[in-house]
Amino acid sequence: MTIYLLSTRLKFFIWISVLFLFNTLASEGQDAMQFKTVVIDAGHGGKDPGAVGKTSREKDIVLNVALKLGSYINEYLPDVKVVYTRQKDVFVPLNKRAEIANKSKADLFISIHANAISTPKIYGAETFVLGLHRTKENLEVAKMENSVIVLEEDYTTTYEGFDPNSAESYIIFELMQNIHIDQSIQMASLVQNQFKQRVGRRDRGVKQAGFLVLRKATMPSVLVELGFLTNSSEEKFIASEKGQTYMASAIFRAVRDYKEEFDAKSKMEDIARRADEKEAEEVNYRIQVASSKKKIKEGTQIYKKFDDVWEFKDGERYKYTTQCSSDYSTILKSLKEVRSRVSDAFIIAFKGDVKIGLSEARAYQKQQN
Ligand SMILES: [Zn+2]
């Protein structure tokens, strides 16, 4: 009686432990695959005003947009953590910004900027991903954004002799491997679509150039140029409260869509992984009908006797099976029929794709049920 009680309790305890472990694993798996953290990087700040327009400065505009974007994410995507590289008017070195992103293990890095160019009639929004510029124009944007490092102390050491104004320096971006390029382009496209379709901005497209601020970031990352402060009507728009709200909402919707796709993809990958794991643990019975030193050509010999022939290599030999079932009594029934054609056919067992002994397979299945 006591022994019976003990064993029942023990069974109960094991059952609870298994349940607990399973839940922990399941939730850990879920956590690991969700989009969790975004880093919002307002360009420039403090002694570095960035681009300067007639009435506004880049550092102020981009800080406003960054803070708005962060507040929308906090409000509408509460499970996403927002990390800022700056929340006020302070100077932050470029490499420090990537460092903040890396430390927070962010899933996405968004650097926000505004543009300037000598031709006032040029306007529009563009989003960059890291890479080697394809046009001189894109190189000029990178040069301008990277030139802020000269305001940093000892920048030649920090950036290993990188000269932001020399085209030759940019060769490093050609050699650089960018493993997050696809996701970065995906995010950049979402941003540009929003700017164009929802805010009606002129779409200058998704571009590539060598930005130091993105170089050391270890996650998908984009650099958004909201528009040109050197174009008076564009300056008016992005310097206005309404314009900044529109631009921040547009980037927010891009983040939301990116997160949705990210989470959906991770979920699919997780389901596939679990199915693989389950399959690897599953026992299947097959009926061996032939064994040969040489590979049997399809359409000959044993293939003529059965429609479903499955070959596997067992040591030096090729072995041929027909039928497959996880149920032993089903395979036993099939064996009768198979033996009418191959009299010495017999049952073998697999766990996943590993051949195991019949008794081991049956004991394992008993234990599972
Ligand atoms: Zn900038």
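The values are calculated or read from the model by the stated rules, or taken from the named source; none is laboratory data. Just so we're clear, the structure is a prediction, and the values are computed from it rather than from any experiment. Because the Cβ atoms are built from the backbone with ideal geometry, glycine has one as well, and the counts that use them run over all protein chains shown. Side chains are part of the model used for accessible areas, which takes the heavy atoms of the whole protein and leaves out ligands, DNA and RNA. Shrake-Rupley method; radii C 1.70, N 1.55, O 1.52, S 1.80 Å.
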Among Gly43, Gly315, Gly131, the residue with the largest mean-square fluctuation in a Gaussian network model of the chain built from Cα contacts under 10 Å is Gly315
For Lys103, the net charge from surrounding residues (Cβ-Cβ under 12 Å; K, R +1; D, E -1) works out to +3
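About the Cα centre of the chain, what is the dipole size in debye to 20, counting +1 per Lys and Arg Cβ and -1 per Asp and Glu Cβ, all else neutral? Working shown, then result.
On the way: 55 positive and 50 negative charges, 276 e Å.
Its charge dipole is roughly 1320 debye.
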Phi angles of the stretch 200-205, converted by Karplus (6.51 cos²θ - 1.76 cosθ + 1.60, θ = phi - 60°) into ³J(HN,Hα) in whole Hz with x for Gly and Pro, give x, 7, 6, 8, 8, x
Full extension between Met176 and Glu298 adds, at 0.36 nm per residue less the Cα distance, a length in nm of 39.1 nm
When all Cα-Cα pair distances of the stretch 39-125 are considered, the percent exceeding 23 Å is 26
Amide H proximity to Lys207 below 5 Å, modelled H, separation 5+ or other chain, gives Thr127, Phe128, Val129
The answer for Ile117, listing residues at least 5 apart or on another chain whose modeled amide H is closer than 5 Å to its amide H, is Thr230
Rounded to one decimal in nm, the spacing of the 7 Å Cα→Cβ label points at Thr37 and Cys324 is 4.3
Given pairs Lys278/Lys355; Lys103/Lys259; Lys105/Lys196; Lys121/Lys242; Lys121/Lys196 and cut-off 25 Å on Cα-Cα distance, the over-length ones are Lys105/Lys196
A correct Karplus calculation of ³J(HN,Hα) over the stretch 180-192, with 6.51 cos²θ - 1.76 cosθ + 1.60, θ = phi - 60°, whole Hz and x for Gly and Pro, returns 9, 4, 5, 5, 5, 5, 4, 5, 4, 5, 4, 5, 4
If amide H atoms are modeled at 1.01 Å from N in the peptide plane, then the residues at a separation of 5 or more from Phe35, or on another chain, having amide H under 5 Å from its own are Asp263
So for R0 = 35 Å, FRET eff. of Lys242-Glu269 from the Cβ-Cβ r, to 0.05, ends up at 0.30
In Å, the C-alpha Rg and Dmax of the stretch 46-97 are 12.8, 40
Between Arg341 and Tyr76, the two model label points (7 Å from Cα along the beta-carbon direction) sit apart by a distance in nm of 6.2
With -39,500 (n - 2.57) per DSSP H segment of 4 or more residues and division by the full residue count of the chain, the 222 nm estimate, nearest 500 deg cm²/dmol, is -15500 deg cm²/dmol
Its Cα gyration tensor gives the stretch 282-368 an equivalent ellipsoid whose semi-axes in whole Å, largest first, are 22, 15, 10
With x for Gly and Pro, the residue-by-residue ³J(HN,Hα) of the stretch 73-79, computed from phi through the Karplus equation 6.51 cos²θ - 1.76 cosθ + 1.60 at θ = phi - 60° and given in whole Hz, is 5, 4, 6, 9, 10, x, 7
Mean accessible area per residue over the chain (1.4 angstrom probe, all protein chains present, square angstrom) is 56
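Provide Met176, Met33 ordered by accessible surface of protein heavy atoms (probe 1.4 Å), highest first.
Met176, Met33
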Asn165 neighbourhood, Cβ < 14 Å, K/R = +1, D/E = -1, net charge -2
At the level of C-alpha centres, the distance separating the stretch 261-335 and the stretch 231-245, in angstrom, is 64
With all protein chains in place and a 1.4 Å probe, Thr300 shows an accessible area in Å² (nearest 10) of 50
Note: Glu311 to Lys54 extended length (0.36 nm per residue) minus current alpha-carbon separation gives 84.9 nm
Once the mean of 1/r over all distinct C-alpha pairs in the chain is inverted, the Kirkwood radius in Å reads 25.3
Share of accessible surface on carbon and sulfur in the chain, whole %, 1.4 Å probe and ligands ignored, is 54
Once all protein chains are kept in place, Lys47 shows an accessible area at probe 1.4 Å, nearest 10 Å², of 130
